[in-house]
Amino acid sequence: MRLGIISALDEEQHGLVEAMQDPATLIHGMRTYTSGRLAGVDAVCVLSRIGKVAAATTASVLIEKFGVTHLLFTGVAGAGDAGVRVGDIVIADSLVQYDMDCSPLFPAFEVPLTGLSHFASDQRLANLTASAAHGFLDTDFEVAISADERREFGLSMPRIHRGLIGSGDRFLSSASEVNAINASLPGLLAVEMEGAAVAQVCFELGVPFAVIRTISDNANEAAATDFMRFVKAIASRYAFHIVMRVCRGLG
Ligand code: ADE
């Protein structure tokens, strides 16, 4: 197997490339792909940048040019439901493009001519990712994130959720907007800007994938500030420990 690991931003996967054995770098299509071994697993790390097109392009190149057989997206997201809090972890069971709307030609959210609106992640990889997230929270969390940081970001007893993630080409920073999206998509847990695009590419090319997101903000009026602080200070430590645990589980 060969695992592709995508994040939008460096802060969402920082440390992984540094942890690789025998890293080799190739620049292609304005992205830097680093292949090597992570905890014994043949892996390729890349930053997609932000948005669905950027993510879809990157996933396609990982599959077609780098031959990855499995794909893991790791990053942050806004909370898509009141029961999901900053510092919680969301693992997608399925993903939807909440801004796909070709109605009345096709039902809202359906990707035209696929008959699908929700794209399911691979159960085995999602289960393994969930186990890795539990391991992180049970064992690494209090060491990786200092007591001061936990206090500052209000990270007490983070929880793991599994369910629907919505992606769209908008940074959501309005409570009324995220509430409206939540109301139109039952079970929505988190909102971000790449996962469902990766899911569609993986579905079309037959590649098993999983998406894991740490909640950085509430997608409300404070989202931009909260997002920047969380991404700078906390995000990479969640991602590093969880992805290393995923690799150990695969190896
Ligand atoms: N990623 C993290 N926070 C987000 C938000 N509020 N909207 C879209 N993507 C995000």
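The values are calculated or read from the model by the stated rules, or taken from the named source; none is laboratory data. Since the structure is predicted, the reported quantities are computational estimates derived from the model, not experimental observations. We place every Cβ from the backbone using ideal geometry, glycine too, and count neighbours over all the protein chains shown. Keep in mind that these areas ignore ligands, DNA and RNA; they rest on the heavy atoms of the full protein, side chains included. Shrake-Rupley method; radii C 1.70, N 1.55, O 1.52, S 1.80 Å.
Some notes on this structure:
- Some residue of region 203-217 being under 22 Å from A144 (Cα atoms), within 16 Å of the ligand (Cβ to nearest atom), assigned to a helix (DSSP H, G or I) and not acidic (D, E): no
- Set side by side, the residues R229, R248 differ, and just one is over 19 Å from E149 (Cα atoms), in a helix (DSSP H, G or I), open to solvent by 40 Å² or more (accessible area, probe 1.4 Å) and out of contact with any Asp or Glu (no Cβ under 8 Å at 6 or more places or on another chain), which is R248.
- Criterion applied to E11, E18 was being open to solvent by 50 Å² or more (accessible area, probe 1.4 Å), modelled with pLDDT under 95 and of a type in the set (D, E), and the one residue passing it is E11.
- With respect to the conditions (1) in contact with a Leu (Cβ under 9 Å, 6 or more places away or on another chain); (2) within 16 Å of the ligand (Cβ to nearest atom); (3) small (G, A, S), A120 lacks only one, and its number is (2).
- Close Cβ contacts (under 9 Å, 6 or more residues apart or on different chains) running from residues in region 59-82 that are assigned to a strand (DSSP E or B) and at pLDDT below 95 to residues that are open to solvent by 10 Å² or more (accessible area, probe 1.4 Å) and within 16 Å of the ligand (Cβ to nearest atom) are absent.
- Criterion applied to D138, D93, D101 was being more than 13 Å from the ligand (Cβ to nearest atom), under 14 Å from the mean Cα position of the chain (by Cα) and open to solvent by 10 Å² or more (accessible area, probe 1.4 Å), and the one residue passing it is D93.
- If you go through region 60-81 and keep only what is away from the ligand (no atom under 16 Å from the Cβ), open to solvent by less than 10 Å² (accessible area, probe 1.4 Å) and closer than 18 Å to R245 by Cα, you end up with L71, L72.
- Region 151-196 - residue that is in a helix (DSSP H, G or I) and in contact with a Ser or Thr (Cβ under 6 Å, 6 or more places away or on another chain) and, of those, farthest from the ligand (Cβ to nearest atom): A196
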